[in-house]
Amino acid sequence: MILAAGAGAWFSGLSGVFGINGQYQDFKEMIAYRKVLDKEIRDWTGLRNDMIKNRGRAAEENLSLISNKASVTQQRDEQLSKSSELKEEEVKLNADLSKINQQVQELKAQLSEFGVSSVEEIQARMEATENANKKLQEEIDQIKGATEVAAKKRTEQATELANRQKEQAEYRAALAKNSGEYPVLSVDPQWGFVVIGAGQGSNIDQNTVLLVTRDGRSIGKLKVTSLEKNQTVADIVKDSVPAGMSIQPGDMVQLLRPVQSAR
């Protein structure tokens, strides 16, 4: 404002001295001065805006400092609280330590009554006892292992004995079956079968192999084809009858191999 007023007065004086030409010159100078003045106004406005921005930043920094101050204050209070807790814990630990020391003195007195002078001596005795127990346990385990082996062997022997007894019983039963003799009732040489005078209820079944004998000599073999109530029909096993011989009525039949097919 002051600059504008001074410029106006200066231009007014010049117009009276120089006339019209002077007024034109004064007008040009006024325009130039006005440009300078506008630039200064812009610079001042920029400075003012910068100042406003800086003031806003300062306000934000102030708020941040206030917040940091609150955080630091909170941390300080927490540290003071922890310090107080640590002091209480220290007092408690000192009390516990005092109790432990008292218990140690009592333990030493008890150790002296048992004839030992230190905890280390007790530990040495305990280790010796544990080693002895460990050795004893190893011996026990060895004995148990040998006992288990012997028991297993006895079981295997008992199983083997039972199997042999079963085989003997089956063998005796087979011999009993073989002991029976039955007569040949009829023979059909054309169709190659015979009728035997024994049926259901005898030792003959569908799977038995029959031996035909005459005066203690083997005549041939038979394979059962039909087991009836009172008689049995059996085929003559091929190539089982010696050349020049034939099965005849009256020949005797006995079991050759019970529960076994003819071959």
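The values are calculated or read from the model by the stated rules, or taken from the named source; none is laboratory data. Quick caveat: nothing in here was measured; it's all calculated off a predicted structure. Cβ placement follows ideal geometry from the backbone for every residue including glycine, while neighbour counts extend to all protein chains displayed.
Annotations
- Residue check for Pro249: more than 60 Å from the chain's Cα centre (by Cα), of a type outside the set (Ser, Thr, Tyr) and not in a strand (DSSP E or B): yes
- Applying a threshold of 8 Å to beta carbon distances and a minimum spacing of six or more residues, or different chains, the list of pairs starting in the stretch 207-219 at a residue that is without any contact (Cβ under 8 Å) to a residue 40 or more places away in the chain and assigned by TED's automatic domain parsing to the domain that holds Ser240 and ending at one that is in a strand (DSSP E or B) and surrounded by 13 or more Cβ atoms within 10 Å (Cβ to Cβ) reads Arg214/Met252; Ser218/Leu211; Ser218/Val212; Ile219/Val212; Ile219/Thr213.
- The sole residue among Thr147, Thr129 that is modelled with pLDDT of 85 or more, on the phi < 0 side of the Ramachandran plot and hydroxyl-bearing (Ser, Thr, Tyr) is Thr147.
- Taking the stretch 191-212 as the range and being touching a helix residue (DSSP H, G or I) at 6+ places or on another chain (Cβ under 6 Å) and either aromatic (Phe, Trp, Tyr) or under 9 Å from Asn230 (Cα atoms) (or both) as the test, no residue passes.
- Cβ pairs under 7 Å, 6+ apart, first in the stretch 152-179 and over 30 Å from Val253 (Cα atoms) and assigned by TED's automatic domain parsing to the domain that holds Met252, second charged (D, E, K, R) and at pLDDT 70 or above: none
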